[in-house]
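*Asks:* The structure is given below, and queries will be raised subsequently.
The values are calculated or read from the model by the stated rules, or taken from the named source; none is laboratory data. No experiment lies behind these values; they were computed from the predicted model shown. Every residue, glycine as well, gets a Cβ built from its backbone with ideal geometry; the counts of neighbours run over all protein chains shown. Heavy atoms of the whole protein, side chains included, go into the accessibility calculation; ligands, DNA and RNA do not. Shrake-Rupley method; radii C 1.70, N 1.55, O 1.52, S 1.80 Å.
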Amino acid sequence: MEADTRWMRQCADDIDATGGAVGKLLGNADGAVGALKGAAPGWTFTDSVDELSSRWEALNKLVRDELSDASENMRFNASDIDGNENFLTETWHNIFG
């Protein structure tokens with residue numbers, strides 16, 4: 001069985017793109033928080049919206065960090081596999097070539 005390192009690197013790129021998309025959600029969330037506060041002046045529940053927003057930002061960062069780690073690991077593994085295959089090919093040629 002052969003590992004497809006090109007596919008692995010494409011997956012890493014896709015993971016990075018997903019992380020970027022998750023990060024862009026923060027702008028939408030900020031807009032929603034402002035709209036909610038503006039739509040409900042004087043309501044007591046709006047006091048908790050800032051806490052909710054902070055939790056969302058922390059969760060968003062956690063997800064982006066995990067996705068970043070996953071893409072880095074995918075690229076590292078692809079490079080490691082390529083390196084091992086190159087080593088084995090060179091060793092084979094040195095012994096039998």
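*Asks:* If each of D47 and L26 carries a label point 7 Å out from its Cα toward its Cβ, how far apart are those two points in nm?
*Replies:* Once both label points are built, they end up 2.8 nm from each other.
*Asks:* Here's something else I'd like to know. Which percent of the Cα-Cα distances in the chain go past 15 Å?
*Replies:* 71 percent
*Asks:* I'd like to know which of A12, H93, A35 lies farthest towards the positive end of the charge dipole of the chain, counting +1 on Cβ of Lys and Arg and -1 on Cβ of Asp and Glu.
*Replies:* Value: A35.
*Asks:* What is the helix-to-structure angle for 49-96, meaning the angle in degrees between its Cα long axis and the longest Cα principal axis of the chain, kept from 0 to 90 and rounded to the nearest 10?
*Replies:* Approximately 0 degrees, to the nearest ten.
*Asks:* Whole number in Å², please: accessible area per residue of the chain, 1.4 Å probe, ligands, DNA and RNA not counted.
*Replies:* With the other protein chains kept in place, the chain gives 75 Å² per residue.
*Asks:* Further, regarding this structure: So, with +1 on the Cβ of K and R and -1 on the Cβ of D and E, and no other charges, what is the size of the charge dipole of the chain about its Cα centre, to the nearest 20 debye?
*Replies:* Computed charge dipole of the chain: roughly 420 debye.
*Asks:* Still on this structure, I have one more. Tell me the carbon and sulfur percent of the accessible area for the chain, rounded to whole percent, probe radius 1.4 Å.
*Replies:* Of the solvent-accessible surface of the chain, carbon and sulfur hold 59 percent.
*Asks:* Let me ask something else about it. What distance in nm separates the two pseudo spin-label positions at V33 and F76, each 7 Å out from Cα along the beta-carbon direction?
*Replies:* Each label point lies 7 Å from its Cα, and together they span 3.3 nm.
*Asks:* OK, next. First measure r as the distance between the Cβ atoms of E85 and D65, then evaluate 1/(1 + (r/R0)^6) with R0 = 22 Å and state the FRET efficiency to the nearest 0.05.
*Replies:* Efficiency at R0 = 22 Å is approximately 0.10.
*Asks:* Return the distance in nm (one decimal) between the two label points of a simple spin-label model at R6 and T18, each offset 7 Å from Cα along Cα→Cβ.
*Replies:* The answer from the label model is 2.3 nm.
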